[in-house]
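Each remark here refers to the structure printed beneath this line.
Read the figures in this text as sums done on the coordinates, not as results from a lab. What you are looking at is a predicted structure, and each value in this text was computed from that prediction instead of being measured. Every residue, glycine among them, receives a Cβ derived from its backbone with ideal geometry; neighbour counts consider all protein chains shown.
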């Protein structure tokens, strides 16, 4: 729950920032100075990019949380007992030790969103956030494709 509150607070702050930047951009566009107008156009681009990034990340969070709930209900989340730091993060060496089994599962079932999601969780536990996000994005895409096929 604390994570959701933090996300909401950060999203509200970002939206407020984007609105203020857009307001400054409009003010610059209304001046007679050419350089100020160019800066105004540039400042209009930043809120658009920021809004796109915010929506993209929020959708990633909602979709990945949905898949985690489904796997948890099925009992499909990784259950290996690994030692954790006081912060709750797994020790990297122990997470790396369980990694090959999940990579092999994904290689054996490359169209399984469940395998990709579990691989993403293990990547994250191993400290490789970039690959974790890629694997979870792949899981989301496969899940959405499965859902589209089953409703068609």
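FRET efficiency for the residue 23 to residue 141 pair, using the beta carbon distance and R₀ = 30 Å, is estimated at 0.25.
Helical content alone sets the calculated 222 nm signal of the chain at -28500 deg cm²/dmol, taking -39,500 (n - 2.57) per DSSP H segment of four or more residues and averaging over every residue. Calculation over all alpha carbon pairs of the stretch 92-151 in 10 angstrom steps from 0 returns a P(r) of 28, 49, 19, 5, 0 percent. For the pair residue 12 and residue 55, the difference between a 0.36 nm per residue extended length and the Cα-Cα distance amounts to 14.3 nm. Among 78, 86, 110, the residue with the largest mean-square fluctuation in a Gaussian network model of the chain, with springs joining Cα atoms closer than 10 Å, is 86.
Look at (i) 1.05; (ii) 1.14; (iii) 1.19: the one that is Rg/Rh (Cα atoms, Kirkwood Rh) derived from this structure is (ii). Cα centroid separation, the stretch 84-109 to the stretch 55-71: 21 Å. Between the Cα long axis of helix 113-125 and the first principal axis of the chain there is an angle of about 80°, rounded to the nearest 10. Across all directions, the average projected area of the convex hull around the alpha carbons of the stretch 2-74 is 5.0 nm².
Against the chain, whose longest principal axis is taken from its Cα atoms, helix 92-108 shows a tilt of about 80°.
Please determine, in degrees from 0 to 90 and to the nearest 10, the orientation of helix 129-151 with respect to the longest principal axis defined by the Cα atoms of the chain, where the helix direction is its Cα long axis. Tilt relative to the chain: about 80 degrees.
Each peptide in 9-15, 114-120 was scored by the mean count of other Cβ atoms within 10 Å over its residues; highest first, the order is 114-120, 9-15.
For the pair residue 62 and residue 42, a Förster radius of 25 Å applied to the C-beta separation gives a FRET efficiency near 0.20, rounded to the nearest 0.05.
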